[in-house]
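Laboratory data are not the source of any read-out in this text; all were calculated from the coordinates shown. Computed from a predicted structure; not experimentally measured. Cβ atoms come from the backbone with ideal geometry, glycine included; neighbour counts cover every protein chain shown.
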Amino acid sequence: MPNFYCRNLFPLLPLLILSLTGCMGGIGSQYKFSTSVIVIAPATSVTEGQPVILEAGISGGANASGTVTFYNGSKAIGTAQVGSGASFDSLDSYGQLSTTFSTSGEQSITAKYSGDEFNSSSTSQATLIGVYSNQLASSSIVLQASTTTPQYQTNVTLTAAISPSSATGTVTFYNGMTNIGNAPVTAGTASLTTSFAAGGAATLHAVYSGDYNYLSSTSNSLAMNISGPLATMTTLQASTSSVAIGGSITLTANLSPATATGTVTFYSGSTAIGTANVNVGVATLNTTFASSGKIALKAIFATNASWETSTSNQISLFVTGNMPDSVTLQVDPSSLVIGDSASLTANISPADATGTVVFYDGTHVIGTSSVVAGAATYVNLFMAAGPQSLTAVYSGDTTYPSNTSSPLTINVGNPGPTPTTTALTLSETLGYLGDTVTLTAKVTPPAATGQVDFYDNGIFLQSVVLSSGTAAWSQAFWQSFSNSITAVYDGDVTYSQSTSNSQNLELSDNSD
């Protein structure tokens with residue numbers, strides 16, 4: 001076929017390559033497909049003598065054939081035929097070679113594809129495989145230091161000697177359990193230069209990693225005695241977390257170790273408020289504060305020839321004003337049975353007091369509430385019968401000191417023996433999301449007192465006090481699933497508890 005037709009048909013070669021062999025013969029290797037090769041190894045490390053299957057994957061070609069030769073460095077270690085159907089989807093063809101390594105150490109494996117009539121030759125990048133000896137030899141390591149009595153903050157050279165000297169790898173140096181550095185092994189030696197931030201005793205050791213021929217090993221322990229200021233730790237405590245203006249408070253700084261001597265300066269913010277000597281690891285300061293507010297306190301132990309400086313934790317002190325205040329507690333309702341809820345209200349006088357109130361049942365905290373307009377309210381559910389001693393503890397603020405109400409005792413009774421029934425009705429049972437539905441519970445006999453608790457799918461909604469045997473409550477509902485509503489009468493000292501039948505409330509999305 002004339003070359004003119006070959007040139008015109010060249011764009012169709014990928015589709016007609018088999019039927020136009022005459023044309024291909026005319027253009028030869030000039031138009032071969034470009035290929036690339038990668039070496040795939042089953043692992044990055046193997047054992048000497050262990051069979052390994054190396055795979056060369058060829059991509060970019062057109063049904064590549066031919067051979068792949070594998071090399072370890074510059075030495076050919078085997079040749080494999082190239083076939084299609086690689087084990088990796090992105091590869092067009094591959095060749096496999098089963099081999100073993102008789103030499104330990106790092107092996108650099110490459111693969112060279114020979115090419116064929118339609119595909120160009122190519123060579124892979126090197127893949128590194130670590131080969132471990134099948135008879136790893138033992139090693140030993142000895143740790144030494146340029147000095148075992150260094151000055152703090154001065155350099156010390158640590159030297160680890162590994163035997164045999166042909167060992168390679170790395171050495172990790174430790175101060176106790178703390179890693180202080182790593183160094184490579186060269187000619188059987190690894191060195192690290194380090195320093196110590198403070199005086200004191202230290203125990204060092206070194207761990208050799210091992211390599212392809214030698215097992216890991218741990219050195220001897222090396223005791224160091226570092227001269228200079230010893231490390232300290234300062235912890236600050238206060239005799240109280242709040243104090244009124246002019247009230248005395250004791251600040252205590254505890255030093256560790258307890259043998260530390262010197263002075264501690266106490267600070268309010270960045271202002272020094274006093275200095276005290278350390279005696280048997282303790283320094284104390286009695287002080288007062290002239291202005292109210294929240295104050296941040298800390299203590300700093302001063303450095304000296306024997307001891308390193310240290311700064312304590314920061315603690316907060318609340319300094320309140322010296323204006324008098326009072327706290328009174330109210331409970332509504334005051335007549336309760338098990339399962340009833342009641343509002344606990346702490347009234348703070350004067351009414352401009354701010355802060356928080358913590359409510360207690362005996363010594364047990366039952367809730368916390370912020371003071372708003374001189375009052376703090378918390379709703380509590382009472383689940384135990386008998387007398388309950390309730391108190392309210394006011395935190396104080398920058399003007400008024402903390403204060404506690406007088407105890408208020410209420411009696412929580414068990415429901416009485418007279419049986420009751422509770423009937424529940426809904427203002428609607430079918431509707432749309434967001435509808436306001438009124439829940440009405442009627443308790444028989446209507447002389448029953450106390451409260452009714454409403455539930456939606458077992459989840460508490462609201463408690464409502466009975467009035468002439470009836471309790472009603474309205475709410476917008478937003479659950480698109482079926483709402484199963486029930487009402488539970490808690491009972492009183494005369495009448496027993498009862499639960500209504502459930503009523504289904506079905507709501508749909510009105511956007512549908």
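Could you tell me the center-to-center distance, by alpha carbons, between segment 97-175 and segment 381-400 in angstrom? Centre-to-centre (Cα) distance: 70 Å.
Couplings 3J(HN,Hα) of segment 442-456, computed from phi: 10, 9, 10, x, x, 6, 4, 10, x, 9, 10, 9, 9, 10, 10 Hz, in residue order, whole Hz [Karplus 6.51 cos²θ - 1.76 cosθ + 1.60, θ = phi - 60°; x for Gly and Pro].
A cut-off under 14 angstrom between Cβ atoms defines the neighbours of residue 243, and their net charge, with Lys, Arg +1 and Asp, Glu -1, is 0.
If you take all other residues with their beta carbon under 13 Å from the beta carbon of residue 490, and give Lys and Arg +1 and Asp and Glu -1, the sum is -3. Tally Lys and Arg at +1 and Asp and Glu at -1 over the other residues with C-beta under 15 Å from the C-beta of residue 353: what net charge comes out? Once positives and negatives cancel, what remains is -3.
Since only 471, 404, 122 are under comparison, the one whose Cα sits farthest along the positive direction of the charge dipole of the chain, derived from C-beta charges on Lys, Arg, Asp and Glu, is 122.
When both segment 246-298 and segment 311-364 are represented by their alpha-carbon centers, they are found 31 Å apart. Dipole size of segment 421-508 about its Cα centre, with +1 on Lys/Arg Cβ and -1 on Asp/Glu Cβ: approximately 140 debye, rounded to the nearest 20. In order along segment 346-363, the phi-based Karplus estimate (6.51 cos²θ - 1.76 cosθ + 1.60, θ = phi - 60°) of 3J(HN,Hα) comes to 9, 9, 9, 10, x, 6, 8, 5, 10, x, 9, 10, 10, 9, 10, 10, x, 9 Hz; Gly and Pro are listed as x.
How big is Rg to Rh over segment 140-226, alpha-carbon atoms, Rh as the Kirkwood inverse-mean-distance radius? My calculation of the ratio gives 0.98.
Only helices enter the 222 nm calculation for the chain: every DSSP H run of n ≥ 4 contributes -39,500 (n - 2.57), and dividing by all residues gives -1000 deg cm²/dmol, rounded to 500. A convex hull fitted to the Cα coordinates of segment 253-349 yields 175 cubic angstrom per residue. Computed about its Cα centre, the charge dipole of segment 283-429 is approximately 340 debye, with only Lys, Arg, Asp and Glu carrying charge at their Cβ.
Scanning the chain for chymotrypsin sites (Phe, Trp or Tyr not before Pro) in DSSP loops with at most 15 neighbouring Cβ atoms within 10 Å leaves 89-477 as the longest stretch between them. Across segment 326-413, the convex hull enclosing all Cα atoms gives 73 Å³ per residue.
In the chain, the sites counted are GluC sites (Glu not before Pro) in DSSP loop states with at most 16 other Cβ atoms within 10 Å, and the longest stretch holding none of them, exclusive of the sites, is 118-427. Backbone geometry of segment 210-225 corresponds, through the Karplus equation with coefficients 6.51, -1.76 and 1.60 at θ = phi - 60°, to 3J(HN,Hα) couplings of x, 8, 5, 10, 10, 6, 6, 7, 10, 7, 5, 8, 10, 7, 10, 10 Hz, x marking Gly and Pro.
Think of each Lys and Arg Cβ as +1 and each Asp and Glu Cβ as -1; about the Cα centre, that makes the dipole of the chain roughly 1800 debye.
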